[in-house]
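As structure tokens, the structure follows; a few thoughts come after it.
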């Protein structure tokens, strides 16, 4: 990244770099460099920091780049699986072994609930009500290794503490998984085959393996949460408030910040729906008599007092 700044400003003496030079470099990054906005942000941030350190060492009087605006990181669109892509993935998972059944349950649980990765890893059977189809999300996990972890009695935000309704199909899958776990001596964690929590990197490896097998784009583990949001909005037509509550966001504005591009553009649809909602037939005859100034009983139509529009010329 420093090489990029040196290539464009290296011919200038450090003390002779001006605000205009910094602004030209910033403009080039955003317009002609061909870099992503996130990378432009990283390059320009490193450049500003280097001048700041030079000022700290006394090599220059001040960091002139601070007179220019930083480059925003830009909006990052997280990768996710569509419903069709997710279907291809789970169809590649055989469930006749205890280990692969865990993979199947893990993918399905995250896709159908939208839990944060840590929320799912800390989930125990005490949090699951299979009779009523409810999952209570009240914990996250501080994980070091399978023998060293802490279940935290809180979530990322206060709104993250929530109860999620789950569908009958997922309930049946979890019931069968619970019985399989008990036969293998697993009693506590929902997503476990050793009665110790799964490792985040394990889920990432599973995603990589099965996305390649299914021929779908590779996503990160967090992408399962985004896949759930896509499923709610694009497939089920859920409104922003429902999505916000289900994902445990502090307010719907957070949901729109990350998932606004999922919501359909209904403006044309709304415009079409307006047609025929009103009787637009006008009156056949006017109920008032208007003069040239469009006055009505000494008042203008806008409700203001009548004023003389034309003054007589003085004789």
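What to note about this one:
- Residue 174 in a helix (DSSP H, G or I), touching a strand residue (DSSP E or B) at 6+ places or on another chain (Cβ under 8 Å) and either without any contact (Cβ under 8 Å) to a residue 24 or more places away in the chain or in the same structural domain as residue 115 (by TED's automatic domain parsing) (or both): yes
- Taking region 110-124 as the range and being more than 19 Å from the chain's Cα centre (by Cα) and surrounded by 23 or more Cβ atoms within 10 Å (Cβ to Cβ) as the test, the residues that pass are 121, 122, 123.
- Index of the failed condition, residue 85 passing every other in (1) modelled with pLDDT of 90 or more; (2) surrounded by 15 or more Cβ atoms within 10 Å (Cβ to Cβ); (3) more than 30 Å from residue 206 (Cα to Cα): (3)
- Which listed residue is at pLDDT 75 or above, more than 27 Å from residue 104 (Cβ to Cβ) and touching a helix residue (DSSP H, G or I) at 6+ places or on another chain (Cβ under 7 Å), from 211, 286, 230, 244: 244
- In the set (1) under 12 Å from residue 65 (Cα atoms); (2) without any contact (Cβ under 8 Å) to a residue 12 or more places away in the chain; (3) surrounded by 14 or more Cβ atoms within 10 Å (Cβ to Cβ), the condition left unmet by residue 39 is number (1).
- In region 62-82, the qualifying residues are those that are free of Cβ contacts under 8 Å to residues at least 40 places away in the same chain and more than 30 Å from residue 256 (Cβ to Cβ), and the one that is surrounded by the most Cβ atoms within 10 Å (Cβ to Cβ) is 63.
- Residues that are outside any strand (DSSP E or B) and out of contact with any helix residue (DSSP H, G or I) (no Cβ under 8 Å at 6 or more places or on another chain) were ranked within region 136-153; the one that is surrounded by the most Cβ atoms within 10 Å (Cβ to Cβ) is 146.
- Of the helices (runs of 4 or more DSSP H) lying entirely inside region 46-135, those carrying at least 2 residues that are in the same structural domain as residue 150 (by TED's automatic domain parsing) and more than 20 Å from residue 160 (Cβ to Cβ) are 83-90, 98-113.
- Unique residue being surrounded by 14 or more Cβ atoms within 10 Å (Cβ to Cβ) and free of Cβ contacts under 8 Å to residues at least 12 places away in the same chain when the list is 221, 238: 238
- Check on residue 186, on the phi < 0 side of the Ramachandran plot and part of a helix (DSSP H, G or I): no
The values are calculated or read from the model by the stated rules, or taken from the named source; none is laboratory data. All values derive from a computational prediction rather than experimental measurement. As a convention, Cβ positions derive from the backbone with ideal geometry for all residues, glycine included, and neighbour counts pool all protein chains shown.
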